[in-house]
Each structure stands twice: as structure tokens, then as C-alpha cells.
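Inspection log for the structure reproduced underneath, given as C-alpha cells.
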């Protein structure tokens, strides 16, 4: 089988389109009912060190109250519901319990903050779900910690690709350029310096998002960890070039691209980039995989 003929794994991005709300209990139940086997959700840590499923640091406008998750206890968050239903934020325990009967599921779990890796692994292990999970993160220290705890765990590193270190520095220091790259949001963007790449200099803290601009070639401890588990790198297809993707593949890294959201673009960018995995907001692409 040639690379052009290879089947791409289509992954539901945050379970979008399976409910009015991303990554809700109902969206998960609907996706499982549709026999969806690959999906991605994000997790964050509450004030009392519980783990909930939510992408943003703060509850969004779809909730009755917009609390910052890191400043709220789980009890406080469970008293807040979606505006159009009685449903509340999903916990990681509820997530794992819902998928546990579905042994063919592959969950891509994006860990947004460092510090609770051991707790997450323990919860997954208790339900024998470790083989059903790929750990995703924008934070190298999360991947380093997971790898130390469980060297066989599937890993995926997300980042913004740039073609040169000069462009990376321009992105980092220039808000206007950040805006051009659709990065004008409440997030702290930082460069993946060699020291950070090699496990000394972790900066992720609860309540904030850290994202990295990366120029190739990958090197250092992060590359070694990813290669040891046939790891994945996740990039936005709009910021990628064929040369950039080919360089990643030459380093024996799998490539995941987000967010390709219609059949036309899927065909186009499958032919252009030959990705291994695609994250999509379109439920029909996942259902019809």
C-alpha cells in the first residue's frame, strides 16, 4: 500500500456537532450511538484538583455563569449548567465510565495544564483504558511526565508550525502578527527553546494556555520521547507547508492536521500533505469514515 492509499484516521474535534455543546455528556453519548470510535476532548484542573472536560480556561457563554475553572471547585462547577439544559460540565471520571464499555474507542485526551498526569493515568488504568487513549498536549512537560510514568503511552504534541526562527520571534513579540495567525486571544504564546525542549524550564500553570511556535528540525529530548512511541505531531493545515510536513515524516513522526471541516478540503489536503490523522469539526466526516 502506498502512502497515497493509506487510510487516514478521522477524529472528531471536541465532539463538535454531536450536541449543541462541545464535549458534553450528551455529545459523547450521541457520538457513541453513531458508532464513532475516534474523538478528542480537552481536560483541565479545578481549584480542588479535580479534572473536568473543557477546552477553554473559563466556562463559555453557553453556561449560566462563566467561571474560571482553575478558581472553582468541582462542586461549584457542578452547580452551573448549560443555558438550555440541566446538564453540567463533564468530569474525567464520567468520561471514562461512558467510554469504558466501548472497547474499540480511541480517545485523544488533550491535557491543558501540567501537574495531574499521574492522577489521569491512574483513573484510566483503573478502567483498563490505557490502550484506548492517546495523550495530547501543547505542553512538553506534560508529555515528558506521561512518558516517565508510562513509557508505552501514545503521545501527541500540538504546536504552531513556522518556517524560520525569525518568523517565530516575530509571532511571539508582535500582537498584530499574532492576530493575522488567528492567535489574538487570551493565551500565552511561547517559543520552544532548546532548554524547554529538554525538560528544564516548564512554565505551564493552571488557568492559562501555553502554545508553542516550532521551527524544524525537531531535536532534543522531546523528539526522542515522541519517536520512542511512534508519536504524533498536531498542526493546523492552514499554517503548514508540504516541505514542513515532509520533514516531520522524515523524523518518523506521525502527522495530525486540524481543522479540516468539509469533504472537498479533506480530499485536497489528504492529497497535498498525506496526513496520518485529521481532526474535524464536521460530524458527518467522522460518521462516514
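The values are calculated or read from the model by the stated rules, or taken from the named source; none is laboratory data. Predicted model, so just to flag it, every value in this text is computed and none were measured. When we count neighbours, we look across all protein chains shown, and the Cβ atoms used for this are built from the backbone with ideal geometry, even at glycine.
Quick look at the numbers
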quantity: Single match in 261, 252, 200 (criterion: in a loop (DSSP other than H, G, I, E, B), at pLDDT 95 or above and surrounded by fewer than 16 Cβ atoms within 10 Å (Cβ to Cβ)); calculated: 252
quantity: Single unsatisfied condition, residue 229 versus (1) farther than 16 Å from residue 8 by Cβ; (2) at pLDDT 95 or above; (3) more than 20 Å from the chain's Cα centre (by Cα); calculated: (3)
quantity: One residue from 230, 239 being surrounded by 15 or more Cβ atoms within 10 Å (Cβ to Cβ), touching a residue at least 24 places away in the same chain (Cβ under 8 Å) and in contact with a strand residue (DSSP E or B) (Cβ under 8 Å, 6 or more places away or on another chain); calculated: 239
quantity: Any chance residue 90 is surrounded by 15 or more Cβ atoms within 10 Å (Cβ to Cβ) and under 15 Å from residue 14 (Cβ atoms); calculated: yes
quantity: Yes/no for residue 17 being in contact with a helix residue (DSSP H, G or I) (Cβ under 8 Å, 6 or more places away or on another chain) and assigned to a loop (DSSP other than H, G, I, E, B); calculated: yes
quantity: Unique residue being out of contact with any strand residue (DSSP E or B) (no Cβ under 6 Å at 6 or more places or on another chain), at pLDDT below 95 and crowded, with 20+ Cβ neighbours inside 10 Å when the list is 179, 195, 114, 165; calculated: 114
quantity: Selection within the stretch 117-129 - touching a strand residue (DSSP E or B) at 6+ places or on another chain (Cβ under 9 Å) and either surrounded by fewer than 21 Cβ atoms within 10 Å (Cβ to Cβ) or not in a helix (DSSP H, G or I) (or both); calculated: 119, 121, 123, 129
quantity: In the stretch 15-36, the residues that are crowded, with 21+ Cβ neighbours inside 10 Å, touching a residue at least 60 places away in the same chain (Cβ under 8 Å) and either touching a strand residue (DSSP E or B) at 6+ places or on another chain (Cβ under 6 Å) or closer than 18 Å to residue 100 by Cα (or both); calculated: 21, 23, 24, 28, 31, 36
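Residues are listed down the side, and each one gets a yes or a no for (1) part of a helix (DSSP H, G or I); (2) over 19 Å from the mean Cα position of the chain (by Cα):
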residue	(1), (2)
28	yes, no
35	no, yes
41	no, no
49	no, yes
52	no, no
55	no, no
77	yes, yes
84	no, yes
